[in-house]
Amino acid sequence: MNIFFDVDYTIMSMDGKIRPHTHDVFSQFISMGHIIYIWSGVGLRHKDVDRLGLNEFVSGIFVKPVTEYETGIQRFKVDPRPDYVIDDHREIVEFFGGYHVSPYYFKDDSDNEILELFENTIKYFETGLSDCKKLFHKNN
Ligand SMILES: [Mg+2]
């Protein structure tokens with residue numbers, strides 16, 4: 001699966017700190033054969049990906065459309081098409097399918113959202129089913 005992660009408040013706090021378990025979960029997705037991409041509505045985030053130590057996990061960095069998703073991925077040349085998106089903004093998750101994380105605003109070492117995302121997601125990938133309310137099936 002081509003898994004697309006948002007940056008702000010999804011894997012990074014307001015003050016630029018990495019969300020707990022991000023490295024670990026990226027690494028585990030990759031070991032299972034998935035491919036990790038980063039996109040952001042405010043532009044290309046090469047500097048943040050580098051600063052957060054995520055370069056080795058990330059196969060591509062794109063601009064994320066914040067509206068008109070279908071024309072947006074063409075306009076911004078997002079290739080491959082996202083199979084599964086992880087974002088604190090619900091609408092884009094509903095559109096592509098994926099997981100709507102609670103926003104991560106401030107550094108919090110006890111935050112488990114990325115771990116929960118991983119556990120719910122692998123269950124869903126294995127069975128095609130999920131009763132998790134944060135997980136959205138692809139509807140397009
Ligand atoms: Mg965000």
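Summed over the range 117-135, residues that are within 16 Å of the ligand (Cβ to nearest atom) and crowded, with 19+ Cβ neighbours inside 10 Å total 1.
Given the condition closer than 20 Å to residue 2 by Cβ and in contact with a Cys (Cβ under 7 Å, 6 or more places away or on another chain), answer yes or no: does some residue in the range 71-89 qualify? No, the range 71-89 has no match at all. Just the residues that are within 15 Å of residue 8 (Cβ to Cβ) and not acidic (Asp, Glu), please, taken from the range 98-126. Correct list: 100, 101, 102, 103, 104, 105, 106, 107, 114. Of the numbered criteria (1) surrounded by fewer than 18 Cβ atoms within 10 Å (Cβ to Cβ); (2) at pLDDT 95 or above; (3) hydrophobic (A, V, I, L, M, F, W, C), the one residue 92 fails is (1).
When we screen 30, 61, 73 for residues that are surrounded by 15 or more Cβ atoms within 10 Å (Cβ to Cβ), of a type in the set (Val, Ile, Thr), touching a Phe, Trp or Tyr at 6+ places or on another chain (Cβ under 9 Å) and under 24 Å from residue 124 (Cα atoms), the only hit is 30. Residue 40: without any contact (Cβ under 8 Å) to a residue 60 or more places away in the chain, within 20 Å of residue 91 (Cα to Cα) and touching a strand residue (DSSP E or B) at 6+ places or on another chain (Cβ under 9 Å), yes or no? Here the answer is yes, as residue 40 does meet what is asked.
Scan the range 36-60 for residues that are touching a Gly at 6+ places or on another chain (Cβ under 8 Å) and either among the basic types (Lys, Arg) or closer than 18 Å to residue 99 by Cα (or both) and jot them down. Within the range 36-60, 37, 38, 51 qualify.
The values are calculated or read from the model by the stated rules, or taken from the named source; none is laboratory data. Bear in mind the structure is a predicted one, so any value in this text is a computation, not a measurement. Here the Cβ is made from the backbone with ideal geometry for all residues, glycine too, and neighbour counts use every protein chain on show.
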